[in-house]
Each structure stands twice: as C-alpha cells, then as structure tokens.
Amino acid sequence: MARITGSWLSGPPVAPGTGGDDYAGSGLGLPREGAGSLPGMFRRVVAMLVDWLIAVGISALIAQGIPAASVNLGLWFVIGVAAVTLFGFTPGQYFLRIRVARVDADAPVGFLRALGRQVLLVFVIPALFTDADGRGMHDRATGTAVVRSR
C-alpha cells in the first residue's frame with residue numbers, strides 16, 4: 001500500500017538498520033557518532049525550549065502593555081534567524097552542543113536559509129515530521145541539518 005505522505009517525506013528507499021552500514025545521517029554523508037553526527041530529537045526540543053525561555057525573559061523586560069505572546073514569538077524568531085545566520089547555532093543549541101549546518105556544502109547557513117528555517121519552525125508542525133535521517137521538513141526544505149558540534 002502506498003504512503004499518502006509521498007516520497008519527499010519517506011527518506012531513502014532502504015530503511016535504516018536493514019542494510020549493512022545504514023544509520024541516521026548516512027545518506028547525507030554524516031558520521032555515525034561524534035561531531036557532525038545527527039543528535040536525537042530530545043536535544044533539539046530542549047534547545048528550542050531554552051531559546052523560548054530566553055525570549056520570554058527578554059520580553060518580560062521590554063513588554064509593557066504589549067501582548068506578551070506576540071513579543072515572545074517575535075523575539076524567538078529574531079534570535080533564531082540572527083544567531084543561526086551569524087554563528088550557525090542559537091543560544092539553546094550552543095548549550096546543548098548542537099548547531100545548524102548545510103548538507104550540500106561546507107559553508108555557513110546564511111541569512112535566507114536561516115530565515116526559511118525559522119519561518120517554517122513558527123508553525124511547529126514541520127519540525128515534527130522527520131525523514132529517515134531524523135531531519136524535519138524545515139531542514140529538508142532549506143538543505144540544512146542539526147548536527148552535534150562536539
């Protein structure tokens with residue numbers, strides 16, 4: 001029976017673990033473990049939570065009479081785009097030793113890719129749908145992956 005999600009979300013044709021050397025990230029040329037390997041979902045979620053708490057803390061200082069939810073979201077968005085563009089990681093990702101990397105070249109992520117990732121992350125749902133490598137739809141769309149930094 002064909003999957004209704006289509007091949008763009010299905011990942012590689014062979015499921016990880018069924019072949020000789022298949023693991024999450026092998027199709028991208030990433031190492032199995034250590035720096036450059038793909039982290040688990042837990043680290044990525046905690047990093048996003050840390051970034052959100054930073055945005056909440058900053059908005060508590062500056063939001064006087066403005067609805068806090070929109071200030072929180074706006075600050076989280078700006079922090080995410082600016083930090084990934086300039087450094088390749090957000091503050092939460094730094095603390096959890098992960099970063100955003102391009103999978104197509106050994107180059108910085110850049111503003112447009114960081115902006116695209118963050119726009120898709122605002123909707124949360126793209127991050128929940130992952131392929132066989134564990135990359136969310138937002139990473140697939142921008143040609144990036146969240147990898148261990150050390």
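The values are calculated or read from the model by the stated rules, or taken from the named source; none is laboratory data. Since this is a predicted model, take the numbers as computed values, not measurements. Positions of Cβ are backbone-derived with ideal geometry, glycine not excepted, and every protein chain shown enters the neighbour counts. Surface areas here come from the heavy atoms of the whole protein model, side chains and all, with no ligands, DNA or RNA. Shrake-Rupley method; radii C 1.70, N 1.55, O 1.52, S 1.80 Å.
Here are a few things to note about the model shown:
- Any chance Gly29 is modelled with pLDDT under 85, closer than 20 Å to Arg102 by Cβ and exposed (fewer than 11 other Cβ atoms within 10 Å of the Cβ): yes
- When region 54-97 is filtered for residues that are part of a helix (DSSP H, G or I), under 19 Å from Val119 (Cβ atoms), open to solvent by less than 50 Å² (accessible area, probe 1.4 Å) and of a type outside the set (A, V, I, L, M), the ones remaining, listed by number, are Asn72, Gly74, Trp76, Gly80, Thr85, Gly92, Gln93.
- Within region 109-129, considering residues that are at pLDDT 90 or above and outside any helix (DSSP H, G or I), the one nearest to Leu30 (Cα to Cα): Val109
- Single residue of Ala60, Ala132, Ala82 found to be in contact (Cβ under 8 Å) with a residue 60 or more places away in the chain and hydrophobic (A, V, I, L, M, F, W, C): Ala132
- Test for Gly143: is it within 15 Å of Leu28 (Cβ to Cβ), modelled with pLDDT under 90 and touching a Phe, Trp or Tyr at 6+ places or on another chain (Cβ under 8 Å): no
- Any hit, region 49-70, residues being at pLDDT 90 or above, over 23 Å from Tyr23 (Cα atoms) and in contact with a Lys or Arg (Cβ under 8 Å, 6 or more places away or on another chain): no
- Within region 98-126, the set of residues being of a type in the set (A, V, I, L, M, F, W, C), under 19 Å from Trp76 (Cα atoms) and open to solvent by less than 20 Å² (accessible area, probe 1.4 Å) comprises Ile98, Val100, Val109, Ala114, Leu121.
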